[in-house]
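Working notes, beginning with the structure itself.
The values are calculated or read from the model by the stated rules, or taken from the named source; none is laboratory data. Note that this is a predicted model, so its numbers are computed, not measured. No Cβ is skipped: glycine too gets one built from the backbone with ideal geometry, and neighbour counts run over all protein chains shown. The protein model used for the area step is the full one, side chains on, heavy atoms only, and it has no ligands, DNA or RNA in it. Shrake-Rupley method; radii C 1.70, N 1.55, O 1.52, S 1.80 Å.
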Amino acid sequence: MAPHSGDVENARLRAFGASARRVARRDFLRASGLMVASVAAISVEGVEAFLQRPAAAGPYPDPDFLQLDSWIVIRPDNTATFFVGKTDLGQGTGTAFRQIMADELDIDFAKTSCVMGSTDVTVDQGGSGGSDALQTDGYPMRRVAAEARRVLLEMASTHFGVPVTALAVSDGVVSTKTGDSADRGITYGELIGGKKFNVTLTGKNTDTTTGRAPLKAVQEMKNVGKSPRRDDIPAKVDGTQRWAVDMKVPGMLHARNVRPPMVGATLKAIDESSVKAVPGFVKVVSKGNYVAVVCEREEQAIRAARELKVEWTPPATKPFPPSEDLFTYMRATAPSSSSAPTVTGDVDTAILGAATTLQAQYDIPFQGHTAFGPAHALADPSNGQLTIYSNDMKSYGLRNGVARFLNIPREMVRVVWMQGPQAYGRTAAEDAGFEAAFLAHELQRPVRLQWSRQEETAWDTKGPAYAISMRGALDAQGQVVALDFDARAADHNHVGYNEHDTVLIAQLTGQRKAEPARGRASFPSDKYAIPARRLRGSVVPLPLAWETPVRMGNLRDPDGPQVTFASESFIDELAAAAKADPVAFRLGLLERGTGDDAGHKRVRSIACLKAAAQKFGWTPRPAPGPVPTADVVTGRGVAYSYRSETVAVEMVEVEVNRRTGRVWVKRIVCAHDCGLVINPEALTRTLEGGLLHSVSRALYEEARFDDTKMLSVDWVSSPTLTHADVPESIEIVQVNGDPNPNRPDLPHYGAGETVCKPMLAAVANAVFDATGVRMRRLPFTPARVLAALKA
Amino acid sequence: MAAITLLVNGKRHTVEVEPSTPLLYVLRNDLDLTGPRFGCGLGQCGACTVLIGGEAVRSCVRPVSQAANVEITTLEGLSKDGVLHPIQQAWLDEQVPACGFCQNGQMLTAKALLDKTPNPTDAQIREGMRRTLCRCMTYYRINAAVKLAAKRMA
Ligand code: FES
Ligand code: FES
């Protein structure tokens, strides 16, 4: 099989070759008997790897994570395929998995491939989420690859009749250390190719799975730290990639949902005759307040969804306040829950006795995931089983959720993860997968469901809104003596995951759970030493908890950007009050601390701050800069945070047009420390995307609504960053591994989400530096900036 | 239903569809050309872009009847004899795609731009690409890739 990482469908396509594409796509999965026959006839290298997997016809028992054979297959031609239970959302994690596993196995990187995220052929590592692919799941991957190497060396020891210690291995070829030049060694492929390892591993779950072999020291890893090109990119550039949206099976129908026109409405009547005449019309399916139309062809389903006459009864009470009044509402409404405060020292007393006190309120609206491609899935109930082709980042959760939702054995259900438009947490609760499964189960025919743009923008999950109040105090020397953080999050009924009783269709069909999830308000992450500090958080509910498009989900570091916007803006306000340079002020707060945690986050924070300042060319002075007179003024801003073990410091230069209110982020510098970097180039690009996503959230994004429906429903009413906003430069400094970058067990921490946190504040701080005006309400639209400049 | 003849990537196809059907669905579902993708169906994002007469056209809002008998190029038709188009090569060299879902529209919009403006200024790139969206925010790399392709095509 060609070196590549990706889903099992595309792997099969590659194995079969283009000529067999139709066979592979249409028939392979439908009849395993036929499959074996055609595979044998085609006799393509690599296919045997799949033959070791459970029969595609189902049922689909879980691959056994305690069997080495579930993770690694080595073929006679000395190529290896790794099977991992993760998904790659376009960050190149698949390539990185190949790098670390090839290193531990000691095989040529170019002779490896990686299959991901298909519940019947890859062990359940949970799919993606929390930027944990390398931080958590990278370790069992390394351990099983090391174990395979150990077993292979033992086989070679028997083969050569010498102890393992007398053997050397390089690129999958084992030879004796003393061997003369005639000893060309023996390949892994010759040792085991085509056969099973039959080695049992230990461990309670996939996180702890291990063999007996130790891991390599970082310094011995050849591929780690290099930047082989991402192996998923060629097919995305030349058009050969098959995406979940592209899947077709014979007899497949097309479905579209019909959503209530006002939020919280109840279905009264459906006039099916309104669409009977639509060509290709098959059926209207409805249950509770869930309605879908099914047609033979896609454009027919679109038309039927548009023309179907449905009567709805409006709700008795308003589902939510208009988004313009949201923060007033949030501050006035009794919380549904509060978390235990984190308290150091006595904040109230410290504020009372301080030389300078400050307070400010920050408002962060709901922001949608607004995936570039609306939700979609294909569910195929052939052979009495149920296969779902989906871009769900958490394919395993979808499988479990669907089985429970339909009340069928989970062995019947298989989810094949495939590439899709990424949405950074949207598919953690993969509504379309459940809906397609429901429709296919009802009709007993394959159904492809596609959400519309309006549906996606309105009804996708949202990052929770926050209303945050901050107080702080300085002593006469301008040192921070107290900091008080109080957050209210509109996070009631958070529906982060593929739960059978919280996904949208469960709500609409009345199969929802009784009690909404409590949700949470989270706290800022920094290592500032502040003598008196209090962090409080509570959750406020909206009037309507269920069947609403204002549904809280996990948007790329679910609460970090919101709380960091407030905390890092306020630190800047304190720095300005102290007439201190914002970088020096933060450094002081970090350096004032003593001691450190096991991850050395404080010293790593200091290192990142210094590295960013150096790259940026930051010269110390207080903000704001000189009083602006020109139309277009520039300013600079800094902000910092960490997530889990990864630290990010961001500096931006912005231009503010005081006539139009437009803010342009012209330059970004980011210093980032995620421990051991597997693939620096792929990391850089991932960070660039994350940084700009947060620029978009700072400048454009808000899920707007009146008191009956969503107003943000497409790219005109819900704008996003565009090419017109591209910064002139983005510079990433990878500051990895302080305080001891050379330690042999330097961990690979998660990357990706941390950079999303500081940017909102960095931009606000830069706007302040440029104009002297403090923006405390996101996003900084031209109208809002103009209003603030006039105020 | 009507029989409509389409010329796509140098091949002739006849399809039986409602004439008002957006070209996008015919390309994807009848001709199995899945380079163009559905992103909005409203002409707002560029996911569905194809080239018609050198113009980047949004196939989600172009009725198939208005695309009959004219040469249509999709992403699948951009490379010639297995050799990537310089724009594709630049995308590969700059490692542009994240999820990649928008990149069909990005590359074909860039193609139309560079065909008209072989040596675009930065402002022309920003303006020419402005309506082609990317939610993975690969804009910075796209900008670099357009410049790289322009240089190589000069
Ligand atoms: S799908 Fe055609 S422009 Fe968005
Ligand atoms: S690369 Fe994902 S939308 Fe552009």
First select every other residue whose beta carbon is under 11 angstrom from the beta carbon of B:Gly39; then total the charges, Lys and Arg +1, Asp and Glu -1.
+2
Using only the Cα atoms of the stretch B:2-77, each taken as one equal point scatterer with no solvent, compute I(q) by the Debye sum, divide by I(0), and report log10 of the ratio at q = 0.24 Å⁻¹.
-1.11
Taking the Cα centre of each part, how many Å lie between the stretch A:450-467 and the stretch A:676-691?
27 Å
Enter the Cα centre distance for the pair the stretch B:63-129 and the stretch A:79-156, rounded to the nearest angstrom.
34 Å
Positive end of the charge dipole of chain A (Lys, Arg +1 and Asp, Glu -1 on Cβ, about the Cα centre): tell me which of A:Ala166, A:Trp312, A:His376 has its Cα farthest that way.
A:Trp312
Sticking with the crude label model, points 7 Å out along Cα→Cβ, report the distance from B:Ala123 to A:Arg621 in nm, one decimal please.
2.8 nm
Which of the residues in the stretch A:702-716 lose at least 50 Å² of accessible area when you go from the chain alone to all protein chains together (probe 1.4 Å)?
A:Trp715
Treating only Lys and Arg (+1) and Asp and Glu (-1) as charged, each at its beta carbon, one finds that the protein assembly as shown has a dipole about its Cα centre, in Debye to the nearest 20, of 940 debye
Interchain or long-range residues, amide H under 5 Å from A:Phe197's placed H:
A:Asp69
Rounded to the nearest Å, what's the spacing between the alpha carbon centres of the stretch B:1-52 and the stretch A:303-348? Just the number, please.
41 Å
Let me test this: with uniform point scatterers at the alpha carbons of the stretch A:398-524, what is the Debye-based log₁₀ I(q)/I(0) at q = 0.13, 0.15 1/Å?
-0.65, -0.80
For the stretch A:77-207, state the average projected area of the convex hull of the C-alpha atoms over all orientations, rounded to one decimal in nm².
8.7 nm²
If you plug each phi of the stretch A:595-612 into the Karplus form 6.51 cos²θ - 1.76 cosθ + 1.60 with θ = phi - 60°, what whole-Hz ³J(HN,Hα) values come out, in order, with x for Gly and Pro?
x, 7, 7, 4, x, 6, 5, 5, 5, 5, 5, 4, 4, 5, 4, 5, 5, 5
Can you say what percent of the DSSP beta bridges in chain A, counting only those with both residues inside, are antiparallel? Round to 5.
75 percent
I'd like to check one number: the per residue accessible area of the protein assembly as shown, probe 1.4 Å, reported in Å² as a whole number.
33 Å²
Work out Dmax and Rg for the stretch B:86-153 from the C-alpha atoms and quote the Rg first, both in angstrom.
10.5, 28
Karplus ³J(HN,Hα) for the stretch B:96-108 (6.51 cos²θ - 1.76 cosθ + 1.60, θ = phi - 60°; Hz, whole; x = Gly/Pro) runs 5, x, 9, 5, x, 5, 8, 6, 4, x, 5, 5, 6
Excluding ligands, DNA and RNA, what is the accessible area buried between chains B and A, summed over both sides, using a 1.4 Å probe, to the nearest 100 Å²?
5000 Å²
Of B:Ile4, B:Val17, B:Leu108, farthest towards positive along the dipole that unit charges on Lys, Arg, Asp, Glu beta carbons give chain B
B:Leu108
Given 0.36 nm per residue, what is the gain on full extension from A:Lys196 to A:Asp745 after removing their alpha carbon distance, in nm?
194.6 nm
Expected output for the stretch B:101-136, residues with a loss of 30 Å² or more in accessible area relative to the chain alone at probe 1.4 Å, reads B:Phe101, B:Arg126, B:Arg130, B:Leu133, B:Arg135, B:Cys136
Report, in deg cm²/dmol and to the nearest 500, the calculated mean residue ellipticity at 222 nm for chain A, where each DSSP H run with n ≥ 4 adds -39500 (n - 2.57) and the sum is divided by the residue count.
-8500 deg cm²/dmol
What ranking of B:Glu18, A:Glu154 comes out by heavy-atom accessible area, probe 1.4 Å, highest first?
A:Glu154, B:Glu18
Per residue, the convex hull volume that the Cα atoms of the protein assembly as shown enclose (Å³):
171 Å³
Using per-residue counts of other Cβ atoms within 10 Å, averaged over each peptide, order B:53-63, A:606-616 from highest down.
A:606-616, B:53-63
Quick one: accessible surface of A:Phe523, probe radius 1.4 Å, all protein chains present, in square angstrom to the nearest 10.
50 Å²
Give, ordered by residue number, each residue of the stretch A:725-743 whose 1.4 Å probe accessible area is reduced by a minimum of 50 Å² on adding the remaining protein chains to the chain alone.
A:Val726
Using the basic label-point model (7 angstrom from Cα toward the beta carbon), what is the A:Ala630 to A:Ser273 distance in nanometres?
7.1 nm
If I compute solvent accessible area with a 1.4 Å probe over the protein chains, what percent of it on the protein assembly as shown is carbon and sulfur?
52 percent
Here D for the stretch A:691-775, in µm²/s, from Stokes-Einstein with a Kirkwood Rh over Cα pairs at 25 °C and 0.890 mPa s, works out to 151 µm²/s
I'd like the Karplus ³J(HN,Hα) series for the stretch B:52-64: coefficients 6.51, -1.76, 1.60, θ = phi - 60°, whole numbers in Hz, and an x wherever there's a Gly or Pro.
10, x, x, 8, 7, 10, 8, 6, 6, 10, 10, x, 4
Which residues in the stretch A:743-765 place their backbone N less than 17 Å from a point set 7 Å from the Cα of A:Asp596 along the Cα-to-Cβ direction?
A:743-749
Per-selection metrics, the stretch A:345-462 (Cα): Rg and Dmax in Å:
21.7, 76
Stokes-Einstein, Kirkwood over Cα pairs, the stretch A:502-599, 20 °C, 1.002 mPa s; D in µm²/s equals 126 µm²/s
Within the stretch B:2-77, what percent of beta bridges assigned by DSSP are antiparallel, to the nearest 5?
90 percent
One quarter of the C-alpha convex hull surface, i.e. the mean projected area of the stretch A:238-355 in nm², amounts to 16.7 nm²
Stokes-Einstein diffusion coefficient of the stretch A:547-636, Kirkwood radius over Cα pairs, 4 °C, 1.567 mPa s, in µm²/s:
81 µm²/s
Excluding ligands and nucleic acids, what accessible area in Å² is computed for A:Arg259 using a 1.4 Å probe, to the nearest 10?
30 Å²
Positive-end extreme of charge dipole, the protein assembly as shown - chosen from A:Asn223, A:Ala751, A:Val285 (charges on Cβ):
A:Val285
